[in-house]
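Data first, discussion second: the structure below is written as C-alpha cells.
The values are calculated or read from the model by the stated rules, or taken from the named source; none is laboratory data. Because the structure is a prediction, the values reported are computed rather than measured. So basically every Cβ, Gly included, is an ideal-geometry build from the backbone, and we count neighbours across all protein chains shown. To get the accessible areas, we keep the full protein, side chains included, count just its heavy atoms, and leave off ligands, DNA and RNA. Shrake-Rupley method; radii C 1.70, N 1.55, O 1.52, S 1.80 Å.
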Amino acid sequence: MAAEVMLMNEIEAKAASMAIDLNIDFNSIQLPRGEDCGIVSDDEDVYHDDQLEFDSGFGNVIVVDNLPVVPREKFEKLEGVIRKIYSQIGVIKEDGLWMPVDPETKKTLGYCFIEYNTPQEAELAKEKTNGYKLDRAHIFAVNMFDDFDKYMRVPDEWAPPEINPYTPGENLQKWLTDEKARDQFVIRAGTDTEVLWNDARQSKTELVYKRSYWTESFVQWSPLGTYLATVHRQGAAVWGGANTFNRLMRYAHPQVKLIDFSPGEKFLVTYSSHEPSNPHDANRVVINIFDVRTGKVMRDFKGSADEFTIGGAGGVAGVSWPVFRWGGGKEDKYFAKLGKNMISVYETETFSLIDKKSLKVENVVDFSWSPTDPILALFVPELGGGNQPARVSLVQIPSKVELRQKNLFSVSDCKMYWQSNGEYLAVKADRYTKTKKSTYTGFELFRIKERDIPIEVLELDNKNDKIIAFAWEPKGHRFAVIHGDNPRPDISFYSMKSSHNLGRVSKLTTLKGKQANALFWSPGGRFIVLAGLKGFNGQLEFFNVDELETMATAEHFMATDIEWDPTGRYVATAVTSVHEMENGFNIWSFHGKLLYRILKDHFFQFLWRPRPPSFLSAEKEEEILKYLKKYSKKYDAEDQDVSMLLSEQDREKRRMLKEEWEKWISEWRRASEEEKLERQKLRDGEASDEEEEYEAKEVEVEEILDFSEEVLFEE
C-alpha cells in the first residue's frame, strides 16, 4: 500500500510540473458511437447475453387473476398453494410473490404478482397455467405484466396493420452449394472448436470457422446438418449461417447435460439432473422440448430419475438416453417414452398423449421406431418362469393396431435392428439351450413392406458362435455379422434377396479369422470398413461387398472412432483423448488410401456435417447413373486440372528445395575458402585439400606417461 501511495504521489508531482489536471470525470467522457479505441471488451458478449436474460423491465413478472378472495387468516394458506404451483415452473425471487389486499375489507383482491428470475420462466409460467383450474369457481387468467402497457395503448379505432417488406433470411444450407462438392466436419481439441472443409483433392483441410470456449461440454450437428448445437451451464444454443456461424437461437435450461434433435430438426430435447436436498432421494430430472426456430418450450417433463431409468442404463445418472424416441420419419409427428408396463406415445400437434392414454403393455422392456413409418417394434420378455413366451410386436401409430406378433421361446435377451429404409427388421434373440447352462443366437427377420409381414428364421452355421456385431447395409438388402471368438472372429454377409429373387435370405460369403469387432457401412451401401477398435489396435479392412473382395488393409493405431462422410466418399478415423498418445484424425478414400493426417493434442470430437436427403427422385438418380460418363466428363477435367496444379506445386516445391540445397552448398564453400589458410598452416604449408595428393605414413612415437622412483631396503 505504501508503494502505491508513493507511486501516486510521483504521478501527481509529474502532472503538476506539466500543468496537467488529473481531476477528470471519466463518466462525462463519451466515445463516438461504435468507437472502442481499438480495445475490444472481453465482456461484450457476456453482457449482451445477460441483458437478454435479466432485463431491467418487468418482463419477468406475471399477473395471475381469478384467485379466491380470502380473509387474512386464510392468506398464508392461499399463498402456499400458489407458491407450490408456480415454483415448479421456475425460481420465484425472494419476496417475488405479492397479493394485494383491500385496505377496507382486509381481504385479497383476487389477483397476485409473481416475479421470476428470468423472462423465459415467466413466459413459460404464463403458457402452462393460463386456464389452470384451481377449483370449479376459479380458473386462472395469467398475463405478462408488460402486456398491460400494450393493452392500454390499443387505439379506439381500428387501423390496418403496417405490412413490412419481405426480407429474406440467410441461406442456412449454402454450404451444400460448394463448387468443389466438399463436405464439412467439426472437431474439438483443447479449448478450440473448429469447422473445416475436407479438401481431399488437395489432401488438406480448409478452415471455415474457429472459436475458443465455444461449448462447455460437447457440440452436436442437427440431423440434416442445418444447425450446430453447443451446450452451456445456462442452456443450449444453435448456430448456423450462409458463410459463418452466428447464434440463431438460445434455449434456457440451467445445468443442461444432454441434448437430442428430432429427425426433422423441428424440435430440440434438453435434459438436466439435479441432486436432491435429501441424500436418500433420487435425482430430480428436468426434460424440456423446444421448438428449434422459435425457442419456445412446447412441453416439459419433471420427476425423479427413477421415472426415466426404465429400459436400460446409459446417459447420465442411470437415465437411458434419449429418453424420448422420435417416430414418423422426418415429419416429427410422434415421440414416445418407455414406462413401467406401458409406452407413452405423444403427438406433436398438441404435445399430448395419443387418445389421452398410454399404450398398456405388460412387462415391456424395450421398443424402437421404424426409421420411415409410424410403426413401433416392442419387446416383452418371458413371464411366469417361461410359461408365457417372450414376444416381439409391431404396432401401428396412431391407431395402436397390432400389425404382427412373433412369440419367442426360451429367450434370455433380445435386440432389434431396423434397416434405414424401414423395409426390414432384424431381431437378434439369445436363447437358452435345453440344459439352460448356455445360450445360442438366432435372428428373426421381418419383411415389413411385404404382405402380412412374413418372418424368416436365420441361424448361423455354428449357432453357438457369439455375435459381436450386426449392421444393415444402408438403403440396401444386405447385412453383415461378426461372430465367433476373439481375437479372430469370422464375418458373414447375407442378402434378403436370393439369387432367384424368391424372397429368401441367403448367405453371400464368410470371411474367416478377421481382426475386427465393429462394422461401418458406407452411407450409400456397397462398401464396408471392417474395424478392430480398442484391443485390436485400429486394424482396418476396406471391403467391396458387390465384388466380395478386399480393396485395402491398413491400420490407425489405437483408433477410437470411425465415421463415413455423408456421401460415402471418405472415411475418418480418430484417436481421441481416451488415449494420451497420437491424438488426431486420418482421412481415407472409400477404397482405403490414406489421404492426409492431422495430429491434435487433447482431441475430443470429430463429427461430419450431415447432408439432407436428395431432392432427386429415384428415377432421376437412376438416369444419372446410366449416363454417368456423360456427367463425369466435367469432373474428370476438373480432376485433371487439380492434378496438374498439384504437379506444378510439387515441381515448385522441388525447385525451392533445390535452391535451398544449392544455397547451403554455396555457404559451405565460402566458409571453406575463408578457412583455407588455417588448414594450410595445420598441414605444414601444404596448400592442396585433395586427399589423394598426400601419402599416408605411419610414424611411431614413444612418450613417457609417468616416472616414479622407489627405494627398496634389504631385510
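Annotation: Asp650 fulfils all but one of (1) touching a residue at least 40 places away in the same chain (Cβ under 8 Å); (2) part of a helix (DSSP H, G or I); the unmet one is (1). For the criterion of being within 24 Å of Arg569 (Cβ to Cβ), of a type outside the set (D, E, K, R) and in contact (Cβ under 8 Å) with a residue 60 or more places away in the chain, Gln173 passes.
Counting only strands (runs of 3 or more DSSP E) that fall entirely inside region 355-455 and contain at least 1 residues that are open to solvent by 20 Å² or more (accessible area, probe 1.4 Å) and out of contact with any Leu (no Cβ under 7 Å at 6 or more places or on another chain), the qualifying elements are 366-369, 401-408, 411-418, 424-432, 439-447. With respect to (1) touching a residue at least 60 places away in the same chain (Cβ under 8 Å); (2) in contact with a strand residue (DSSP E or B) (Cβ under 9 Å, 6 or more places away or on another chain); (3) surrounded by fewer than 20 Cβ atoms within 10 Å (Cβ to Cβ), the lone exception for Asp291 is condition (1). Kindly establish whether Ser262 is free of Cβ contacts under 8 Å to residues at least 40 places away in the same chain, open to solvent by less than 20 Å² (accessible area, probe 1.4 Å) and within 19 Å of Phe335 (Cβ to Cβ). Criteria not met by Ser262.
Screening region 569-611 for residues that are assigned to a loop (DSSP other than H, G, I, E, B) and touching a helix residue (DSSP H, G or I) at 6+ places or on another chain (Cβ under 8 Å) and picking the one that is least open to solvent (accessible area, probe 1.4 Å) gives Arg609. Listed here are the strands (runs of 3 or more DSSP E) enclosed by region 263-314 that have at least 1 residues being modelled with pLDDT under 95, hydroxyl-bearing (Ser, Thr, Tyr) and over 24 Å from Trp221 (Cα atoms): 297-304.
Sort out which residues of region 61-86 are closer than 24 Å to Val285 by Cα and either open to solvent by 60 Å² or more (accessible area, probe 1.4 Å) or over 41 Å from the mean Cα position of the chain (by Cα) (or both), and write them in order of number. Don't jump to the end; show me each part of the working.
In the first step, residues of region 61-86 are kept if they are closer than 24 Å to Val285 by Cα; the result is 80-86.
Within region 61-86, Gly80, Val81, Arg83, Lys84 meet the criteria.
Taking the conditions (1) in contact (Cβ under 8 Å) with a residue 40 or more places away in the chain; (2) closer than 13 Å to Asn60 by Cβ in turn, Ile85 satisfies each one other than (2).
The condition (being out of contact with any helix residue (DSSP H, G or I) (no Cβ under 8 Å at 6 or more places or on another chain) and without any contact (Cβ under 8 Å) to a residue 12 or more places away in the chain) is satisfied by just one residue among Glu79, Glu73, Glu123, Glu127: Glu73.
One residue stands out among those in region 101-123 that are open to solvent by 10 Å² or more (accessible area, probe 1.4 Å), part of a loop (DSSP other than H, G, I, E, B) and at pLDDT 90 or above: the one that is nearest to Asn60 (Cα to Cα), which is Leu109. In summary, strands (runs of 3 or more DSSP E) completely within region 181-255 and bearing 3 or more residues that are open to solvent by less than 10 Å² (accessible area, probe 1.4 Å) and at pLDDT 95 or above occur at 184-189, 192-199, 228-232, 235-240. One residue is enough: does region 577-599 have a residue meeting the conditions at pLDDT below 95 and touching a His at 6+ places or on another chain (Cβ under 8 Å)? Checking region 577-599: at least one residue is at pLDDT below 95 and touching a His at 6+ places or on another chain (Cβ under 8 Å).
As a summary of the residue check, Asn464 satisfies the conditions (1) surrounded by fewer than 19 Cβ atoms within 10 Å (Cβ to Cβ); (2) not in a loop (DSSP other than H, G, I, E, B) except for the one numbered (2).
Which of the residues that make up region 612-631 are touching a residue at least 40 places away in the same chain (Cβ under 8 Å) and loosely packed, with under 12 Cβ neighbours inside 10 Å? Walk me through it before giving the result.
First, the residues of region 612-631 that are touching a residue at least 40 places away in the same chain (Cβ under 8 Å): 612-613.
Pro613, the sole residue that qualifies.
Taking region 42-71 as the range and being at pLDDT 90 or above and not in a loop (DSSP other than H, G, I, E, B) as the test, the residues that pass are Val61, Ile62, Val63, Val64, Asp65.
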